[in-house]
Amino acid sequence: MLHRTKFGFDPATVNAFLQEVAQRGILLEPEQTDIVLPDMNDVPFYAVTLANGNDRTYLVTGNLKHFPVKPFVVTPAQFLEIIRQAEKQ
């Protein structure tokens, strides 16, 4: 999805990011959920975030209005700030 032209991301940057996610990420099975979201295609992302069940798991989205207000649903800018704060500790 990050390769979509509407985002305008540099393909090399996207590839580097996806490689980092593959190396550092954790493979999780989605939780069963009855949640109804404005875009039901977003449900798997929400369900996987719930599956980890800890306070260091985030659903990063540019569309906060598509998800319930939860501390783990953050914008890209908020996520970068979380990372910056973690690096200071």
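The values are calculated or read from the model by the stated rules, or taken from the named source; none is laboratory data. Note that the structure is predicted; figures quoted are calculated from it, not measured. Cβ coordinates were reconstructed from backbone atoms using ideal geometry, including for glycine residues, and neighbour counts include every protein chain displayed.
Structure data summary
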quantity: Residue tally, condition more than 15 Å from I35 (Cβ to Cβ) and exposed (fewer than 10 other Cβ atoms within 10 Å of the Cβ), over the range 63-75; calculated: 1
quantity: Members of the range 46-72 that are over 18 Å from L2 (Cα atoms) and among the hydrophobic types (A, V, I, L, M, F, W, C); calculated: A47, V48, L50, A51, F67, V69, F72
quantity: Count - residues of the range 28-56 that are assigned to a helix (DSSP H, G or I), within 13 Å of the chain's Cα centre (by Cα) and of a type outside the set (G, A, S); calculated: 9
quantity: Pairs where the first residue, in the range 63-89, is closer than 17 Å to Y46 by Cβ and the second is outside any loop (DSSP other than H, G, I, E, B) and acidic (D, E), C-beta under 6 Å, 6+ apart; calculated: H66/D42
quantity: Pair list, Cβ < 8 Å and 6+ apart or interchain, from the range 1-27 residues that are in a helix (DSSP H, G or I) to residues that are modelled with pLDDT under 85 and surrounded by 10 or more Cβ atoms within 10 Å (Cβ to Cβ); calculated: P11/H3; V14/L2; V14/H3; F17/L2; L18/L2
